[in-house]
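**Student:** Please see the structure below; I have some questions.
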Amino acid sequence: MRTTKRWKSCLLLIFAVCVIPLLSAKAWKGTITASSLNMRKSNSSESRVLKTLREGTAVEVLSSSGGWYKVKAGGTTGYVSKKYVKKASSSDSSSSGKSSSSSSSSSTCSVGDSGVAVKAVQKKLKSLGYYSGSVDGDYGAGTKKAVMAFQKANGLKQTGNVNSATLKKMNSAGSSSGKKSSSGSSSGSAGDPCSPGDSGAAVRAVQKKLKSLGFYTGDVDGDYGNGTKNAVKAFQRANGLTANGVANSKTIAKMNGSGAKKASSGGGGGGGTPTESLNWFKHPDRIPHHATFKVKDIRTGKIFTVKRWTGANHADCEPATRSDTAIMKSIYGHWSWKRRPILVKYNGRVYAASMNGMPHGTQTIKNNNFDGHFCIHFTGSKTHGSKKVDSQHQSCIKTALKHTW
């Protein structure tokens, strides 16, 4: 009799400790915030990829384990990183992510975020004249600079993140505009002085002027990054000015003067090793499997080391170390499928190329903090999925050909 009672007590204890919490834990709805996110078979970055979820995909979150959620999406159940799953609100599900106005923002967001809230902020900042980049929903360096410029002009703490105070000021009638006068808007003249970290019309005017003089080959995007800074330095060196990379009043005056010297041919007055076009299918052995080489991002000037894993239609690569992964992530802000023009340096030669910044598929370097590999395309490369030449990659390669290491 005592044995029977003891067993009943044990069963009740097991039920209370194990079963009741499971019954009470409710699944909830979420959405994917990354441009692309791998769903894996188990809660490990080394586990097999079941499918790739795109930004905005609705998922049912079943349970939590460490840094992973067990989710169900489209009939498939697997594990995804918690960092890229946002709990869906009632407004999200009822409006399918559409904002009430194309020029107003309704949700707080910060660097690394992506989605409709970021797009709304970018639209608002663009309408106010602080943001000149693409309304792509990716909260990167350009968006952060625009937010900081808005915060500075409106007497707010310059965090670069859109908190409730910043959001309220953006949507108020009394927010200060970042739009400037038409001075400096002509492609033939530079207007107001500006410096690294600035953004807006003054920067665009300097970029246009430097481009017309042959010193700048990047995008006229109004963001004063490393590419613009290096172009200003090159102009200053060529024209006998202090090469500090700042477009100060003396530099602006020289740019607009009749005696301004133009850049020598070869990618913005740079020099260095000539940049070559590598025809991928004619010379696949130029960068063999398991080769280690350097990658230089055109727009930021940042350099990191890469190891080629495999790839037939293009090169499948991985950052060599954790520090290389950190540099690559700092280029993108957060992982993205966006194409970027790059230079590849291997065995003393420099090739024009294009990369995306999204970890996917197989990972062979286990301790580099990069969950998979990424793609590098060269002239004539094709994607593995469509087996077609990707026009965006090829466009980036053409841009890279204008630069030198």
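**Student:** Could you give the size of the charge dipole of the range 210-265 about its Cα centre, using +1 on the Cβ of each K and R and -1 on the Cβ of each D and E, expressed in debye and rounded to the nearest 20?
**Tutor:** 340
**Student:** For the range 275-400, what does the alpha-carbon gyration tensor say about shape, rounded, prolate or oblate, given a ≥ b ≥ c as the root eigenvalues, a/c under 1.5 as rounded, and a/b over b/c as prolate?
**Tutor:** rounded
**Student:** Then there is this: Where does each of 238-248, 41-51, 314-324 land if you order them by average Cβ count within 10 Å, highest first?
**Tutor:** Ranked by mean Cβ neighbours within 10 Å, highest first: 314-324, 238-248, 41-51.
All of the numbers you see were taken from the coordinates with simple rules; none came from a lab. Remember, it's a predicted structure, so these values are computed and weren't measured experimentally. For neighbour counting, all protein chains shown are included, and Cβ atoms are generated from backbone atoms with ideal geometry for every residue, glycine included.
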